[in-house]
1. For region 39-52, indicate whether the set of residues that are part of a loop (DSSP other than H, G, I, E, B), in contact with a His (Cβ under 7 Å, 6 or more places away or on another chain) and either free of Cβ contacts under 8 Å to residues at least 60 places away in the same chain or more than 24 Å from GLN117 (Cβ to Cβ) (or both) is non-empty.
2. For region 100-158, give me each residue that is among the polar types (S, T, N, Q), closer than 27 Å to THR7 by Cβ and either touching a residue at least 12 places away in the same chain (Cβ under 8 Å) or surrounded by 22 or more Cβ atoms within 10 Å (Cβ to Cβ) (or both).
3. When the residues of region 159-180 are filtered to those that are closer than 25 Å to LYS45 by Cα and aliphatic (A, V, I, L, M), which remaining residue is surrounded by the fewest Cβ atoms within 10 Å (Cβ to Cβ)?
4. Can you tell me which residues in region 1-60 are closer than 28 Å to THR94 by Cα, at pLDDT below 95 and among the hydrophobic types (A, V, I, L, M, F, W, C)?
5. Please work out if PHE78 is touching a Ser or Thr at 6+ places or on another chain (Cβ under 9 Å), within 19 Å of ALA101 (Cβ to Cβ), touching a residue at least 24 places away in the same chain (Cβ under 8 Å) and surrounded by fewer than 17 Cβ atoms within 10 Å (Cβ to Cβ).
6. Restricting attention to region 148-162, does a residue exist that is of a type outside the set (Gly, Ala, Ser), under 16 Å from the mean Cα position of the chain (by Cα) and within 13 Å of GLU110 (Cα to Cα)?
7. For GLU57, indicate whether it is surrounded by fewer than 20 Cβ atoms within 10 Å (Cβ to Cβ) and on the phi < 0 side of the Ramachandran plot.
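The values are calculated or read from the model by the stated rules, or taken from the named source; none is laboratory data. Keep in mind that this is a model prediction, so the values were computed, not measured. Backbone-built Cβ (ideal geometry, glycine too); neighbour counts: all protein chains shown.
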Amino acid sequence: MCLMKKTDKKKLEEFIRVDHAGERGAIKIYEGQLLALNTFNKDEKLKKLIEDMKVHEEEHSEFFEKEINKRNIKPTKFLKLWDLLGIGLGFGSTVLGKKAAMLCTASVEEVIDKHYQNQIDQIGDDEIELKKKIIKFREDELHHKDIAFDEGASKEGLYKILDGIIKTGSKIAIKISEKY
């Protein structure tokens, strides 16, 4: 007799709600970075890199938008606030320079790596397609993290403080978005 691991329905709703908010938040961070690159820090190579990473986030966001609608899950009540904070984080980190902009990406992706792995470990055999998507999205996020470090993300000196602030903010947003 084969026992199939089932996914807790409440947990599943939390996963989809928070992933929807997170992927949308990632888009907003990149939009803020692009705004800074178009106004203050003209760097066409960095701009292209961010535009390419943003395409992945849009793909992820579209998937979770469909899941929210298909499963009739209420999105987080904080979407508008996360939008504003995401744009501010992206803009602010990029105004500080390329290292800070890339650290922003690396820091967020390090949190998301653990977040997605935790979900992958909890999703049962009854949600195999969702699990496959999250595995793929996690791989995309890890690739973004690698790009960020290749492009100069640093955790040395004051950047270590920025890393802590970004990670703490990301973890708080995750906890709030799961429940509300």
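1. No, that holds for no residue.
2. Residues of region 100-158 among the polar types (S, T, N, Q): 105, 107, 117-119, 122, 154.
Keeping just the survivors that are closer than 27 Å to THR7 by Cβ gives 117-119, 122.
Result: GLN117, GLN119, GLN122.
3. Looking at residues that are closer than 25 Å to LYS45 by Cα and aliphatic (A, V, I, L, M), I get LEU162.
4. PHE40
5. Numbers: touching a Ser or Thr at 6+ places or on another chain (Cβ under 9 Å): yes; within 19 Å of ALA101 (Cβ to Cβ): no; touching a residue at least 24 places away in the same chain (Cβ under 8 Å): yes; surrounded by fewer than 17 Cβ atoms within 10 Å (Cβ to Cβ): yes.
Against the criterion (touching a Ser or Thr at 6+ places or on another chain (Cβ under 9 Å), within 19 Å of ALA101 (Cβ to Cβ), touching a residue at least 24 places away in the same chain (Cβ under 8 Å) and surrounded by fewer than 17 Cβ atoms within 10 Å (Cβ to Cβ)), PHE78 does not qualify.
6. Just the residues of region 148-162 that are of a type outside the set (Gly, Ala, Ser), to begin with: 149-151, 155-156, 158-162.
Then drop every residue that is not under 16 Å from the mean Cα position of the chain (by Cα), which leaves none.
No: zero hits.
7. Values: surrounded by fewer than 20 Cβ atoms within 10 Å (Cβ to Cβ): no; on the phi < 0 side of the Ramachandran plot: yes.
Judged against the criteria, GLU57 is not a match.
Conditions tested, residue by residue: (1) of a type in the set (Ser, Thr, Tyr); (2) touching a Lys or Arg at 6+ places or on another chain (Cβ under 9 Å); (3) within 22 Å of PHE149 (Cβ to Cβ).
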{"residue": "LYS10", "(1), (2), (3)": "no, no, no"}
{"residue": "GLY32", "(1), (2), (3)": "no, no, yes"}
{"residue": "LYS45", "(1), (2), (3)": "no, no, yes"}
{"residue": "GLU57", "(1), (2), (3)": "no, yes, yes"}
{"residue": "LYS70", "(1), (2), (3)": "no, no, no"}
{"residue": "LYS74", "(1), (2), (3)": "no, yes, no"}
{"residue": "LYS77", "(1), (2), (3)": "no, no, no"}
